[in-house]
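One structure is given here, and the rest of the page talks about it.
The values are calculated or read from the model by the stated rules, or taken from the named source; none is laboratory data. If you're wondering where the values come from, they're calculated on a predicted model, not measured in any experiment. Quick reminder, even Gly has a Cβ in these numbers, built from the backbone with ideal geometry, and neighbours come from all protein chains shown.
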């Protein structure tokens, strides 16, 4: 039996919503939105991206219920999910919306609905995965990230450093993480020359993760410290090899 999912009511493709608009529309139609913790709402106020998908559905004898999963990517790189229950209490009646903070709560609410027993010929469990919010690869810190990106690019001395387009995108960075990548150049170079490689990962304003690779070394004619920045690890490691070859 076909199920009228009416997904256009949740994610109209012709009218993309911002994370805040999506949240406001969800809270506006939920009868119990006032029960959500204030802390949850505060966290979602600064969300960077969102995704909604149909989790399950049951239709029988004019009654129906659907469960939707709404996930937001937060500024600190974590994700927060709300569960929406949509159902009617009588055949042909208007759907009612409820929202919950975890899956166990929505299961309990579903169990209270007066739906006919679920049977194979009428029950249609659905597991739909739309383009989900990607899980962040890093554990980010919110600490002047846009300024950190600006200072990193400013001290880079290589002529092939990231350009204005990358710099502009990083002005929206809301969080970042710095990690050291181990493994120096294959060539030993002269005694006393040092190389260090760091990944600077940024969480941009649209939820996209961007990494810049910083090479710090003393492979200079006078042995002074030099910083170079590249858009990929491969490019950074090639630069390390070139510098090492020049001082061998």
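With respect to the conditions (1) touching a strand residue (DSSP E or B) at 6+ places or on another chain (Cβ under 6 Å); (2) surrounded by fewer than 20 Cβ atoms within 10 Å (Cβ to Cβ); (3) more than 22 Å from residue 207 (Cβ to Cβ), residue 87 lacks only one, and its number is (2). Do we have residue 58 as surrounded by 20 or more Cβ atoms within 10 Å (Cβ to Cβ) and either touching a strand residue (DSSP E or B) at 6+ places or on another chain (Cβ under 9 Å) or at pLDDT below 90 (or both) here? Yes: the conditions hold for residue 58. Select from segment 37-48 the residues that are in contact (Cβ under 8 Å) with a residue 24 or more places away in the chain and surrounded by fewer than 18 Cβ atoms within 10 Å (Cβ to Cβ) and list them in ascending order. Passing the criteria: 37, 40, 43, 45, 46. Scanning segment 24-36 for residues that are touching a residue at least 24 places away in the same chain (Cβ under 8 Å) and within 13 Å of residue 101 (Cα to Cα) gives 26, 27, 30, 32, 33, 36. Applying the criterion of being in contact (Cβ under 8 Å) with a residue 40 or more places away in the chain and out of contact with any strand residue (DSSP E or B) (no Cβ under 8 Å at 6 or more places or on another chain) to the residues of segment 61-84, the residue that is nearest to residue 203 (Cα to Cα) is 78. Quick check: anything in segment 96-106 surrounded by 13 or more Cβ atoms within 10 Å (Cβ to Cβ), within 30 Å of residue 226 (Cβ to Cβ) and modelled with pLDDT of 55 or more? There is no residue in segment 96-106 that is surrounded by 13 or more Cβ atoms within 10 Å (Cβ to Cβ), within 30 Å of residue 226 (Cβ to Cβ) and modelled with pLDDT of 55 or more. Only residues that are assigned to a loop (DSSP other than H, G, I, E, B) and surrounded by 14 or more Cβ atoms within 10 Å (Cβ to Cβ): list them for segment 239-248, please. The one that is assigned to a loop (DSSP other than H, G, I, E, B) and surrounded by 14 or more Cβ atoms within 10 Å (Cβ to Cβ): 247. In segment 142-158, what residues are at pLDDT 85 or above and either assigned to a loop (DSSP other than H, G, I, E, B) or closer than 12 Å to residue 204 by Cβ (or both)? The answer is 144, 145, 146, 149, 156, 157, 158.
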